[in-house]
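Below you'll find the structure, written out as structure tokens, and then a few comments.
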Amino acid sequence: MAEGFLLVVSAPSGCGKTTILKQVMATISGLAFSVSHTTRQARLGERHGRDYHFISKEEFIALRDQEPSGFLEWAEVHGNFYGTSRQEVDALLAAGRDVVLDIDIQGAEQVKRTADPVTIFISPPTLAELERRLRGRGTENEEDLAVRLANAEQEMAAADSYRYLIINDELEQAVRDLQAVIAAERRRRNKAQVNRTVPRD
Ligand code: ADP
Ligand code: 5GP
């Protein structure tokens with residue numbers, strides 16, 4: 001069985017990445033979501049093992065400092081630690097699944113050093129709309145909100161280093177754009193694997 005590939009998806013917090021990914025994951029087969037480990041508090045409605053593995057800082061550091069590290073990549077984002085389980089990703093890729101990594105720009109740089117991921121950056125139409133969405137979601141207090149908005153501009157500056165840019169203005173269009181990227185990347189990779197001799201009849 002052919003190994004799957006990695007899809008790295010980054011976006012400023014509140015841009016709509018989770019909303020888009022949920023819709024895309026529900027409509028494309030053979031995709032798997034890599035559930036990250038984090039030291040941040042679970043939000044209302046988030047479930048341990050589905051959205052994140054919620055762990056303490058001590059547990060995070062122990063996993064990070066194993067030899068070899070338990071994390072394929074890790075970063076401190078908005079004051080919390082986040083990391084991608086190496087074991088989980090390797091098992092999914094070996095099973096032929098294409099694996100979605102919802103990670104920040106620092107994590108994306110680390111993955112690019114050791115693998116050949118398809119990188120996708122999702123941008124809000126404007127910073128004002130980003131703030132409206134973050135406030136509308138209502139999951140952060142004023143202090144956390146300010147940190148996320150301050151980081152957004154810096155994150156946006158990294159968009160050029162990604163292979164694809166999707167602007168999440170109309171949700172349905174952004175979902176279609178991501179579906180199209182995945183379909184195109186699958187064709188590109190399959191082309192390298194099939195025998196290219198066309199039968200005569
Ligand atoms: P992220 O995962 O990027 O932090 P979310 O998926 O949680 O962001 O989305 C943040 C908020 O914005 C949610 O309330 C979501 O319903 C809303 N949202 C997402 N996409 C759009 C869109 N295209 N137009 C308007 N609101 C959106
Ligand atoms: P949130 O707290 O809003 O779920 O996520 C905050 C930021 O952390 C987002 O940019 C998200 O992509 C990023 N993130 C989530 N999991 C990981 C991870 O495993 N590694 C890295 N580097 N970033 C992550």
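The values are calculated or read from the model by the stated rules, or taken from the named source; none is laboratory data. Just so we're clear, the structure is a prediction, and the values are computed from it rather than from any experiment. So basically every Cβ, Gly included, is an ideal-geometry build from the backbone, and we count neighbours across all protein chains shown. Only protein heavy atoms, including side chains, enter the accessible area calculation; ligands, DNA and RNA are left aside. Shrake-Rupley method; radii C 1.70, N 1.55, O 1.52, S 1.80 Å.
Considering only residues that are of a type outside the set (A, V, I, L, M, F, W, C), away from ligand 2 (no atom under 13 Å from the Cβ) and in a helix (DSSP H, G or I), which ones fall in the range 129-163?
Selection gives Glu129, Glu131, Arg132, Arg135, Gly136, Glu142, Glu143, Glu153, Asp160, Ser161.
Looking at the range 17-30, can you tell me whether even one residue there is more than 16 Å from ligand 1 (Cβ to nearest atom), farther than 20 Å from Val118 by Cβ and open to solvent by 40 Å² or more (accessible area, probe 1.4 Å)?
Scanning the range 17-30 turns up no residue that is more than 16 Å from ligand 1 (Cβ to nearest atom), farther than 20 Å from Val118 by Cβ and open to solvent by 40 Å² or more (accessible area, probe 1.4 Å).
Against the condition within 16 Å of ligand 1 (Cβ to nearest atom) and more than 13 Å from the chain's Cα centre (by Cα), how does Gly79 come out, does it pass?
yes
Where residues in the range 134-151 are surrounded by 16 or more Cβ atoms within 10 Å (Cβ to Cβ) and charged (D, E, K, R), which of them is farthest from ligand 1 (Cβ to nearest atom)?
Asp144
Checking the structure you have, find out if any residue of the range 51-68 is open to solvent by less than 40 Å² (accessible area, probe 1.4 Å), touching a Lys or Arg at 6+ places or on another chain (Cβ under 7 Å) and not in a loop (DSSP other than H, G, I, E, B).
No; the residues of the range 51-68 include none that is open to solvent by less than 40 Å² (accessible area, probe 1.4 Å), touching a Lys or Arg at 6+ places or on another chain (Cβ under 7 Å) and not in a loop (DSSP other than H, G, I, E, B).
Working carefully through the options Leu31, Leu44, Leu63, Leu72, find the one that is out of contact with any Asp or Glu (no Cβ under 6 Å at 6 or more places or on another chain), among the aliphatic types (A, V, I, L, M) and touching a residue at least 60 places away in the same chain (Cβ under 8 Å).
Just a single option satisfies the conditions, and that option is Leu44.
Being crowded, with 18+ Cβ neighbours inside 10 Å and assigned to a helix (DSSP H, G or I) narrows it down to one residue among Ile166, Ile182; which is it?
Just one listed residue meets the conditions, Ile182.
Give the residue that is surrounded by the fewest Cβ atoms within 10 Å (Cβ to Cβ), with candidates limited to residues of the range 112-128 that are over 13 Å from the mean Cα position of the chain (by Cα) and assigned to a loop (DSSP other than H, G, I, E, B).
Asp116
Are any residues in the range 85-111 surrounded by 16 or more Cβ atoms within 10 Å (Cβ to Cβ), away from ligand 1 (no atom under 16 Å from the Cβ) and outside any helix (DSSP H, G or I), and if so, which ones?
Of everything in the range 85-111, those that are surrounded by 16 or more Cβ atoms within 10 Å (Cβ to Cβ), away from ligand 1 (no atom under 16 Å from the Cβ) and outside any helix (DSSP H, G or I) turn out to be Ser85, Arg97, Asp98, Val99.
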